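Here the structure comes first, spelled out in structure tokens, and everything after it is commentary.
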Amino acid sequence: MSEFPKRRMRRMRASPGLRAARREARISVDDFICPVFVVEDEAAAGPVASMPGVMRHRLSELDREIETLVSLGIGSVLLFGVPAKKDATGEGAARDDSAAAQAIHRIRNATDRLTVMTDVCLCSYTDHGHCGVIRDSAASPVTQGGHRGVTIDNDATLDILARTAVAHASAGANVVAPSGMMDGAVAAIRSGLDAAGFTDVAILSYAVKYASSFYGPFRDAADSAPAFGDRRSYQMDPANAREALAEAELDLREGADAIMVKPAMPYLDVIRRVRDAFPSVPLAAYQVSGEYSMIKAAAERGWLDERAVALESLTAIKRAGADMIITYFAKDAARWLRDA
């Protein structure tokens with residue numbers, strides 16, 4: 001085709017109707033999964049200071065949040081339980097009356113219109129804040145922060161994760177989502193679920209989870225900040241993209257029904273690589289707390305248009321290849337799309 005002036009790209013942008021007609025990526029409320037934090041200790045409930053608009057919910061008041069989500073047309077939640085008591089191994093996560101299990105029962109009694117996904121990890125349940133059982137690390141080299149290296153007993157952790165997933169399934173979870181980046185976690189959870197008769201409960205694996213600096217506000221909400229060391233020995237190096245494909249492939253071979261990339265915006269290239277490598281696999285992306293809080297903070301100062309920037313960021317995640325978007329903007333975005 002001849003170049004300018006015969007071809008003018010602006011012609012197809014000249015009106016709202018033309019722009020809408022040629023739009024390649026579209027977001028809808030059906031794309032959103034809303035994270036929900038539920039605390040066992042009612043005194044710990046309330047707004048999360050570092051995440052404006054996000055609450056830690058009391059079990060007794062969870063029905064109100066569920067009613068809001070259903071009224072907005074949001075079809076899925078990702079549930080995080082925050083216990084009143086913690087221990088060294090995180091065994092409380094596997095209890096039938098854990099914070100998460102109680103919340104699942106509450107949701108199931110309130111509505112059948114929500115898909116309940118649950119985070120399966122030990123970090124909120126351990127007194128040290130790490131995602132697995134810690135082995136003696138006295139022989140490990142001292143890190144920059146002055147703490148010795150953290151050594152997770154990977155295989156001992158798998159049994160607790162599998163029992164946690166079964167407890168969630170018993171309470172009524174539709175999907176369990178292992179997030180600790182333990183090798184073999186998906187296989188252990190699939191085996192545990194199947195042995196317990198929960199063959200229809202799906203696994204959404206945090207297959208590609210980076211040791212990101214964008215998680216800070218979340219740790220306030222989930223009470224899961226490491227007491228020492230960091231998680232770099234089990235979460236991925238932010239510099240690596242090829243490794244993401246290996247992680248995703250391993251989890252799919254172990255029985256994952258869907259996979260996730262986390263965080264989202266700083267890793268759009270990784271979302272695209274995973275999408276291209278596994279075109280038929282349901283793919284989620286997690287727009288994490290730091291992404292959310294940065295937009296909120298800038299908007300509060302009048303530096304950004306919150307609605308425009310949030311919707312643009314969600315569109316970018318969808319354009320990169322995500323089928324599902326876990327986002328703290330879920331409720332706001334549902335309202336914005338409804339009222340557009």
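Below is a table of values for the structure above.
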item: Pairs, first within 22 Å of TYR292 (Cα to Cα) and of a type in the set (Phe, Trp, Tyr) in region 218-239, second modelled with pLDDT of 90 or more and surrounded by 15 or more Cβ atoms within 10 Å (Cβ to Cβ), C-beta under 7 Å, six or more apart; result: PHE218/VAL288; PHE218/SER289
item: Residue in region 10-17 that is within 22 Å of ALA333 (Cβ to Cβ), out of contact with any Cys (no Cβ under 8 Å at 6 or more places or on another chain) and among the aliphatic types (A, V, I, L, M) present; result: no
item: Single condition VAL270 does not satisfy, out of (1) out of contact with any Gly (no Cβ under 8 Å at 6 or more places or on another chain); (2) surrounded by fewer than 21 Cβ atoms within 10 Å (Cβ to Cβ); result: (2)
item: Strands (runs of 3 or more DSSP E) contained entirely in region 16-126, each with at least 1 residues that are of a type outside the set (A, V, I, L, M, F, W, C), at pLDDT 95 or above and over 25 Å from ALA188 (Cβ atoms); result: 55-58
item: Residues of region 107-118 satisfying the condition of being surrounded by 15 or more Cβ atoms within 10 Å (Cβ to Cβ) and either within 14 Å of THR164 (Cα to Cα) or without any contact (Cβ under 8 Å) to a residue 60 or more places away in the chain (or both); result: ALA110, LEU114, VAL116, MET117, THR118
item: In region 187-219, the residues that are buried (at least 23 other Cβ atoms within 10 Å of the Cβ), of a type outside the set (Val, Ile, Thr) and in a strand (DSSP E or B); result: LEU204, SER205, TYR206, ALA207, LYS209, TYR210
item: Criterion: of a type in the set (Gly, Ala, Ser) and closer than 24 Å to GLY90 by Cα - qualifying residue of ALA246, ALA256; result: ALA256
item: Enumeration of residues in region 133-179 that are part of a loop (DSSP other than H, G, I, E, B) and at pLDDT 95 or above; result: GLY172, ALA173, ASN174, SER179
item: Filter pass, ASP339 being out of contact with any Phe, Trp or Tyr (no Cβ under 7 Å at 6 or more places or on another chain) and over 24 Å from LEU72 (Cβ atoms); result: no
item: Search result, residues across region 316-340 that are of a type in the set (Phe, Trp, Tyr) and either surrounded by fewer than 18 Cβ atoms within 10 Å (Cβ to Cβ) or part of a helix (DSSP H, G or I) (or both); result: TRP336
item: Those helices (runs of 4 or more DSSP H) lying entirely in region 220-305 with at least 3 residues under 21 Å from ALA185 (Cβ atoms); result: 242-254, 268-277
item: Pair list, Cβ under 7 Å, 6 or more apart: region 91-104 residue in contact (Cβ under 8 Å) with a residue 40 or more places away in the chain and of a type outside the set (S, T, N, Q), other residue in a loop (DSSP other than H, G, I, E, B) and surrounded by 17 or more Cβ atoms within 10 Å (Cβ to Cβ); result: ALA93/LEU122; ALA93/TYR125; ALA99/GLU40; ALA99/PRO83; ILE104/GLY172; ILE104/ALA173
item: Filtered residues of region 273-293 (kept if surrounded by fewer than 16 Cβ atoms within 10 Å (Cβ to Cβ) and either touching a residue at least 40 places away in the same chain (Cβ under 8 Å) or among the basic types (Lys, Arg) (or both)); result: ASP276, PRO282
item: Unique match (being touching a residue at least 60 places away in the same chain (Cβ under 8 Å), touching a strand residue (DSSP E or B) at 6+ places or on another chain (Cβ under 8 Å) and within 12 Å of GLY53 (Cβ to Cβ)) among LYS331, LYS296, LYS318; result: LYS331
item: Residue in region 69-80 that is farther than 29 Å from VAL150 by Cα, exposed (fewer than 13 other Cβ atoms within 10 Å of the Cβ), free of Cβ contacts under 8 Å to residues at least 60 places away in the same chain and more than 19 Å from the chain's Cα centre (by Cα) present; result: yes
item: Single condition ALA45 does not satisfy, out of (1) surrounded by 13 or more Cβ atoms within 10 Å (Cβ to Cβ); (2) within 29 Å of ILE317 (Cα to Cα); (3) without any contact (Cβ under 8 Å) to a residue 60 or more places away in the chain; result: (2)
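Residue-wise test of (1) polar (S, T, N, Q); (2) surrounded by 18 or more Cβ atoms within 10 Å (Cβ to Cβ); (3) more than 28 Å from ARG319 (Cβ to Cβ).
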position: SER224; (1), (2), (3): yes, yes, yes
position: GLY229; (1), (2), (3): no, yes, yes
position: GLU243; (1), (2), (3): no, no, no
position: ALA264; (1), (2), (3): no, yes, no
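The values are calculated or read from the model by the stated rules, or taken from the named source; none is laboratory data. Since we're looking at a predicted model, the values are computed, not measured. Counting neighbours? That spans all protein chains shown, and the Cβs are built from the backbone with ideal geometry, glycine included.
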